[in-house]
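Let me begin by presenting the structure, written as structure tokens, before commenting on it.
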Amino acid sequence: MNQKLTVFIEYKVKPGIIEQYEHQMQNVLVELKKDGAGNISWLKALDQDALYVESFDVGSRDSYQSLKQLRLSESHPVYGPLEKFISGGMAKLHCWAFEKKGE
């Protein structure tokens with residue numbers, strides 16, 4: 001059974017390279033759409049310096065698992081370059097999926 005899931009990805013960006021990270025994120029947002037993500041948001045925290053959150057919807061658990069694996073791949077041509085911008089590297093990229101409960 002397919003169901004829409006909302007995915008949240010959270011991480012901190014290294015100080016001093018935020019501008020380069022934000023430039024790379026333009027490519028990431030395009031790639032997410034190509035990989036089937038919808039309703040994409042990209043947010044920066046106001047009260048935690050250099051903390052970013054991405055959110056988007058996928059159509060199934062399989063889609064979530066597949067996209068999560070791609071996002072954590074250091075060898076992916078678009079997602080992989082984020083490794084050098086994230087404090088602690090890909091090991092500090094946190095990814096969760098949620099299913100909607102109730103209206």
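Here are the numbers for the structure shown:
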item	result
Unmet criterion (only one of (1) on the phi < 0 side of the Ramachandran plot; (2) outside any helix (DSSP H, G or I); (3) in contact (Cβ under 8 Å) with a residue 24 or more places away in the chain; (4) not hydroxyl-bearing (Ser, Thr, Tyr)) for Gly36	(1)
Complete set of residues in region 14-33 that are among the hydrophobic types (A, V, I, L, M, F, W, C) and closer than 20 Å to Gln69 by Cα	Met25, Val28, Leu29, Val30, Leu32
Filtered residues of region 39-72 (kept if among the aromatic types (Phe, Trp, Tyr) and either over 19 Å from Asn27 (Cα atoms) or part of a helix (DSSP H, G or I) (or both))	Tyr64
Evaluation of Ile17 against (1) surrounded by 15 or more Cβ atoms within 10 Å (Cβ to Cβ); (2) over 13 Å from the mean Cα position of the chain (by Cα); (3) among the β-branched types (Val, Ile, Thr) (one fails), failing number	(1)
Residue list for region 75-103, filter: at negative phi, part of a loop (DSSP other than H, G, I, E, B) and at pLDDT below 95	Lys100, Lys101, Glu103
Considering residues of region 73-98 that are surrounded by 15 or more Cβ atoms within 10 Å (Cβ to Cβ) and among the aliphatic types (A, V, I, L, M) only, the residue nearest to Leu29 (Cα to Cα)	Val78
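The values are calculated or read from the model by the stated rules, or taken from the named source; none is laboratory data. This one's a predicted model, so the numbers in the text were calculated from it and none came from an experiment. Backbone-built Cβ (ideal geometry, glycine too); neighbour counts: all protein chains shown.
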